[in-house]
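A.B. asks: Could you have a look at this structure, given as structure tokens, before my questions?
The values are calculated or read from the model by the stated rules, or taken from the named source; none is laboratory data. None of the values given here were measured: they were computed from a predicted structure. Here the Cβ positions follow ideal geometry from the backbone for every residue, glycine too, while neighbour counts run over all protein chains shown.
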Amino acid sequence: MKSPDKKAAAPKKKNGRATSAAHDEKRHEIIGHCASLFDRVGYHGTSMQMLADEVGLGKPTLYHYFASKGDILYEMHQLHIDSMIGGLERDSQIEGIQPAQRLERACASTLREIAHHPGYVRAFMDHYAELEDEQREEMRLRRREYFTRVTDIIREGIDTGQFANVDPQLATLAFVGMCNWAYKWYPRMAQEVPPEKMAKQLCQLLLNGLNVRP
């Protein structure tokens, strides 16, 4: 499990108090170790003592950074959805980029997360229901934001005549399902087929379909 690539910006509020860049960087390091443990033994099979041992901290020190393993799970969700929405936002600012390119880049972004942070992605996919009520509602809204952004890309492709006149929401479900389900099979292929190459192949299947052209 690789350490998170995201570096903390400095000082910000966490649970009503200011935190330093070093504090936030340590939190990210802890999350990376815990994601690996969740991936190996399962979220429900993991205790705070096991997490502390995994990170090499005393249990009281771990509680200084996270109040519970549920809070660690929530941060994994945040890091993953931040990456997904952030990628779409950055791509939307590229002048002249076409809808098909944006879908391919969005797919590659998901595959990179699966390749580099498999524990985060598995937690995001498998343990949404374990979030606390407010956290789960926040993630529901953020997942909806991601879905809506992808739908808007597909609508743009339809409106400009680049895509067939299909149901954009159904097409989004197909696209998101295709990308997300890769967390089940892509990790073992990631070293052989990089995310960009796999994304191109997957999106060709989606955009071109399987029908033989006359």
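A.B. asks: Tell me which residues, restricted to the range 137-164, are farther than 17 Å from residue 98 by Cα, of a type outside the set (Ser, Thr, Tyr) and surrounded by fewer than 17 Cβ atoms within 10 Å (Cβ to Cβ).
C.D. replies: Answer for the range 137-164, where residues must be farther than 17 Å from residue 98 by Cα, of a type outside the set (Ser, Thr, Tyr) and surrounded by fewer than 17 Cβ atoms within 10 Å (Cβ to Cβ): 137, 138, 140, 141, 144, 145, 147.
A.B. asks: Out of (1) surrounded by 14 or more Cβ atoms within 10 Å (Cβ to Cβ); (2) touching a residue at least 24 places away in the same chain (Cβ under 8 Å); (3) not in a helix (DSSP H, G or I), what's the single condition that is false for residue 203?
C.D. replies: With (1) surrounded by 14 or more Cβ atoms within 10 Å (Cβ to Cβ); (2) touching a residue at least 24 places away in the same chain (Cβ under 8 Å); (3) not in a helix (DSSP H, G or I) applied to residue 203, the lone miss is (3).
A.B. asks: Let me ask something else about it. Given the structure, is residue 166 assigned by TED's automatic domain parsing to the domain that holds residue 81 and out of contact with any Phe, Trp or Tyr (no Cβ under 6 Å at 6 or more places or on another chain)?
C.D. replies: So residue 166 fits the description; yes.
A.B. asks: If you check residue 110 against the conditions, is it outside the structural domain of residue 197 (by TED's automatic domain parsing) and either assigned to a helix (DSSP H, G or I) or not acidic (Asp, Glu) (or both)?
C.D. replies: no
A.B. asks: Follow-up question, since we're still on this one. I'd like the full set of residues that are of a type outside the set (D, E, K, R), within 20 Å of residue 34 (Cα to Cα) and in contact with a Pro (Cβ under 8 Å, 6 or more places away or on another chain), limited to the range 69-116. Spell out the reasoning first.
C.D. replies: Let us first name the residues in the range 69-116 that are of a type outside the set (D, E, K, R), namely 70, 72-74, 76-81, 83-88, 92-94, 96-101, 103, 106-111, 114-116.
Narrowing further to those that are within 20 Å of residue 34 (Cα to Cα): 70, 72-74, 76-81, 83, 114-116.
Answer for the range 69-116, where residues must be of a type outside the set (D, E, K, R), within 20 Å of residue 34 (Cα to Cα) and in contact with a Pro (Cβ under 8 Å, 6 or more places away or on another chain): 79, 114, 115.
A.B. asks: Name the pairs whose Cβ atoms lie under 6 Å apart, with the first residue in the range 25-48 and part of a helix (DSSP H, G or I), the second of a type in the set (Phe, Trp, Tyr), and 6 or more positions between them or separate chains?
C.D. replies: Listed by first residue and then by second, the contacts come to 27/65; 30/65; 35/120.
A.B. asks: If you check residue 129 against the conditions, is it outside the structural domain of residue 44 (by TED's automatic domain parsing), surrounded by fewer than 19 Cβ atoms within 10 Å (Cβ to Cβ) and in a helix (DSSP H, G or I)?
C.D. replies: yes
A.B. asks: Here's a check for you: in the range 84-108, which residue that is without any contact (Cβ under 8 Å) to a residue 60 or more places away in the chain and not charged (D, E, K, R) is surrounded by the most Cβ atoms within 10 Å (Cβ to Cβ)?
C.D. replies: 87
A.B. asks: Would you please name the residue that is nearest to the chain's Cα centre (by Cα), looking only at residues in the range 188-202 that are modelled with pLDDT of 95 or more and of a type outside the set (A, V, I, L, M)?
C.D. replies: 195
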